[in-house]
Amino acid sequence: MTDRHRPGSAALRRFLAPGELGAIRGQRLPLAAVLRARVELRTLDIRLLLGQAQEVDAAAGRLAGSFDADVAPALVGDCWGLQIEASLMRSDYPAMERLSRQCIDLHRRAGDRSGEASRLNGLGVALEDTGRKEQALELYRQALALFRALGDQGGIGNSLVNVATVLGGLGQDAEAERAFREAIRILGSCGNKGTQAFAYSNYSVLLCRQRRWDEAIAALARSRQIAERIGDRYGLAFSLANGAGILARRGSWGEAERAWRQAIALRRGIGERLYLSLDCLNLAALLQQQGLFAESAGLLHDAIALGRAVGEQWIATRGLLSLAEASGLQGDHAGMRRQLDEAVQADGDAAQVVWYQLLRAECALAQDRGDEAAAAIDGLAPRYGAMRPEHQCELHQLRARSAARRGAAAGTVDGDYGQALAIARGNGDPYLEAVALYHQGAWQRRSGAPWSATLDRAERLFSELGAGHWLEKVRALKDPARQERSPTTIG
């Protein structure tokens, strides 16, 4: 045996965790078993990168069980750490939270501040992904402080990405952007490419929300390039899904559909469920806008089942609301009402409560229940300032349609349609604009006002988007003979 392989040599010190060499010298740990375990952990780490989450979870659990946590805390902690990452990929948040808390306790007992900081980040992810963002932010900041004290650049970068992501979700955009930029710089300098790709991907979401499209697309391109180069399927799925969202917002529906399908295929292969359910919801919405209702419904039922399986009822609620919306678009307002009755019994976030009320108003208008529609519309007024732009746009359309049904003055109706169009255009969303134009054109046609320019613009936008269902509705509205043959016109 050469000198560089003897216990205590520099090479072995780099391979073993702090404290393991002393345990080996004291004969509390067998050298051969520790070396085999370390080699297996590296192999499992590679397998995890390839998306073999279930297999890695099982193997790491067996490996952890073969050592005493008090004698080999770093080794057992690394095994649990792999299980935490595998649990994240499979959206098993109860397991992730339990293992993270075990690891934090283990590392604290062993005085391992680096391990403690890493697991604080892991616990934060479990809390963040289950809606406990403020608690997660506090844990991320604790981890960041520990890593800064240790001078661990990779740990600092990882923690900054987590901090930035939550801050962005809480609307603190300026602070979030500073953290993202610092994280990307640090991760690039220390060679942590996987986390840097994730940082670029999450940063693109912030840029997209600010409608800084070119910067968002550039960040996503960089993220995808890195993830593809290092073979990170998990990170690549995030890049594809985030990119699909930007492409859909900008009206590039074909490219968005391809990216979401690729992301869904990757997530199915990995066994990840939470973000798979979200991708299914998003692709279903895109297909629904194109009138591809059968395939959309299949994806929505998948998303509902996945949401319930991972304990995220709000995902199931969103799926139910999408099904109700699809029924309305197809003219089945009795079915729409039944689905809304099912959805109201489920949990949902504030945006879903608004969406539910908007769909209730839509259904009531379609069934000539004007008083019920007006009550639902008026009930949304106090929530207006906190609404998403697309919901504000839809509310103005519903107000206009309700006012028109009641015989309100043309200025009142036009005022709300004007507000809806301003929001859609300001948000850079051609689909929202086209739908608002369709409803405005329908009212103009019924009221005897000039309508052809409005419907021509709607037709052009729907044609560019590839929204065949809506395109047919516009053409049916423009051609009275054709309209008689169209059972789904609801203008």
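Observations
- Kirkwood analysis of the Cα pair distances in region 294-441 returns a hydrodynamic radius of 15.9 Å.
- Hypothetical label at Arg209: residues of region 178-202 whose amide nitrogen lies under 19 Å (7 Å Cα-Cβ projection): 178-184, 198-202
- Share of Cα-Cα pairs in region 146-201 lying beyond 13 Å, as whole percent: 52 percent
- Computed [θ] at 222 nm, helices only, for the chain once each DSSP H run of length n ≥ 4 contributes -39500 (n - 2.57): -26000 deg cm²/dmol
- For the chain, the alpha carbon convex hull comes to 143 Å³ per residue, rounded to a whole number.
- Simple spin-label estimate for Ala334 and Ala386 gives 3.7 nm between the two label positions (7 Å along the Cα-to-Cβ direction from each Cα).
- Over all Cα atoms in region 194-255, the spread is summed up by Rg and Dmax: 10.7, 31 Å.
- A Förster distance of 35 Å, applied to the separation of the beta-carbon atoms of Gln135 and Asp378, puts the FRET efficiency at 0.45.
- On full extension, the segment bounded by Arg425 and Asp479 gains 16.7 nm, given 0.36 nm per residue less the C-alpha separation.
- The alpha carbons of region 107-174 give a radius of gyration and a Dmax of 11.7, 38 Å, in that order.
- Potential extension, His469-Arg178 segment - 0.36 nm per residue separation minus Cα distance: 100.4 nm
- Peptides 402-408, 430-436, ordered by how many other C-beta atoms sit within 10 Å of their residues on average, highest first, read 430-436, 402-408.
- Normalised by 2.2 N^0.38 Å, with N the number of residues, the alpha-carbon radius of gyration of region 50-159 equals 1.02.
- Karplus-based coupling profile of region 381-387, in residue order and whole Hz: 3, x, 8, 4, x, 9, 6, with θ = phi - 60° in 6.51 cos²θ - 1.76 cosθ + 1.60 and x standing for Gly or Pro.
- Anisotropy class of region 180-295 from Cα gyration tensor, a/c 1.5 cut: oblate
- Length released on extending from Lys193 to Arg38, taking residue separation times 0.36 nm less the Cα-Cα span: 53.6 nm
- Evaluated at q = 0.19, 0.21, 0.26 Å⁻¹: base-10 log I(q)/I(0), Debye formula over Cα of region 96-143: -0.50, -0.60, -0.85
- Gyration tensor analysis over the Cα atoms of region 355-458 returns equivalent ellipsoid semi-axes of 20, 18, 11 Å (largest first, whole Å).
- Pairs of Cα atoms farther than 23 Å apart, region 252-377, %: 32 percent
- Taking every protein chain into account, the 1.4 Å probe leaves Asp112 with about 50 Å² of accessible area, to the nearest ten.
- Top positive-direction residue, dipole computed over region 111-233 with Cβ charges, set Ala143, Ser118, Ala183: Ala183
- For the chain, the fraction of 1.4 Å probe accessible surface lying on carbon and sulfur atoms is 50 percent.
- Per residue value of the accessible surface for the chain (all protein chains in place, 1.4 Å probe), Å²: 43 Å²
The values are calculated or read from the model by the stated rules, or taken from the named source; none is laboratory data. Remember, it's a predicted structure, so these values are computed and weren't measured experimentally. As a convention, Cβ positions derive from the backbone with ideal geometry for all residues, glycine included, and neighbour counts pool all protein chains shown. Areas reflect the complete protein model, heavy atoms only, side chains present, ligands, DNA and RNA absent. Shrake-Rupley method; radii C 1.70, N 1.55, O 1.52, S 1.80 Å.
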